[in-house]
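The values are calculated or read from the model by the stated rules, or taken from the named source; none is laboratory data. Everything numeric in this text was worked out from a predicted model, so none of it was measured. In this analysis, Cβ positions are derived from the backbone assuming ideal geometry, glycine residues included, and neighbour counts consider all displayed protein chains. Side chains included, ligands, DNA and RNA excluded: accessible areas come from the protein's heavy atoms. Shrake-Rupley method; radii C 1.70, N 1.55, O 1.52, S 1.80 Å.
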Amino acid sequence: MELQGLHGQVVDRIGRSLAADEIRAGEVLRLEDIQERYGVSRTVAREAVRVLESRRVVTSRPRVGITVRPLAEWNLYDPQIIRWRLASPRREAQLRELAELRAAVEPSAAALAASGAASAARDALTGHAAAMADAARAGDRAAFVAADAAFHRALLTASGNGMFAQLAEVTEELLVARRDLALMPADLDTTAVRRHQEVAEAVAEGRPADAAQAVMRIVDSAHDEVERLLAGGGGCAYRG
């Protein structure tokens, strides 16, 4: 959930500094330091710390202060933490972790969806794939990414596994980040659209193995594409 208001701005600024290792694990902060550094009241500073505690980024104890926790203890599935890490010098590691998570989860989700998704879920997948096709023809990058994110959200939800479904926000962060971090080439080719249509068809026709394989092709291709762009290769088309 996107935080609003002054305390949300403070949380975001502290989080970006933490993700960039400008404030390191084990460092102890004081409420007074936060007030002074960000020019906010004690109430705002305290609320910002409360939010950071809820995301397991810091611990706050009387007579000790506000201690920064190691990255491994953070709630790494939190969308805002993902954004902080993507905005940091270590964005490549975050992109790879997200790609590996997708590869581990989405094929299984597709197989489960093909084994028993309701007709409404199958129709939703088909509709989102069609929206991707329309956006690709129009060269509308924003609409394409939105339809792609909606497709994968629908797929994870159609699995019937509530824990898979809650990973949709994580997948969306990766898809949006590729656009925002200029990791999408100019061309939106038809390959990505066709692969998403193959997933939708396999789910609709109750073919779990085919659905899993089709998703794996999407995930592998997208991962390879990001690796090439990070390496400066360029020249490839969006794979979704």
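Quick notes
- Considering only LEU174, GLN197, ALA129, the residue lying farthest towards the positive end of the dipole of the chain is LEU174, judged by Cα position with unit charges set on Cβ.
- Distances between placed amide hydrogens fall under 5 Å for GLU27 paired with VAL68, all partners being 5 or more residues away or on another chain.
- Span-like helix ranges in the chain, DSSP H, alpha carbon extent 15 angstrom or more, Kyte mean at least -1.0: 5-19, 42-54, 91-116, 119-138, 141-158, 168-180, 190-204, 208-230
- Gyration tensor (alpha-carbon) shape descriptor, segment 83-211, a/c threshold 1.5: oblate
- Over segment 102-171: Rg over Rh, Cα atoms, Kirkwood Rh: 1.00
- Rg [Å, one decimal], Dmax [Å, integer] - the chain, C-alpha atoms: 20.2, 62
- Protein heavy-atom accessible surface, 1.4 Å probe, per residue over the chain: 48 Å².
- Relative contact order of segment 11-110: 29 percent, from C-alpha pairs under 8 Å at least 6 residues apart in sequence.
- Sorted on the mean count of surrounding Cβ atoms within 10 Å across their residues, most packed first, peptides 52-61, 124-133, 194-203 read 194-203, 124-133, 52-61.
- In a fully extended conformation the segment linking ARG24 and SER54 would gain 9.0 nm over its present Cα-Cα distance, using 0.36 nm per residue.
- Share of carbon and sulfur in the accessible heavy-atom surface of segment 1-109 [1.4 Å probe, %]: 48 percent
- Rg(Cα)/(2.2 N^0.38 Å) for segment 1-92, N = residue count: 0.99
- For segment 89-192, the relative contact order is 32 percent, taking Cα pairs closer than 8 Å that sit 6 or more residues apart in sequence and dividing their mean separation by the residue count.
- Segment 20-158 pair-distance distribution - Cα-Cα, 10 Å bins, rounded %: 10, 26, 26, 19, 15, 4, 0
- Rounded to the nearest 20 debye, the dipole size of segment 28-179 about its Cα centre is 520 debye, using +1 on the Cβ of Lys and Arg and -1 on the Cβ of Asp and Glu.
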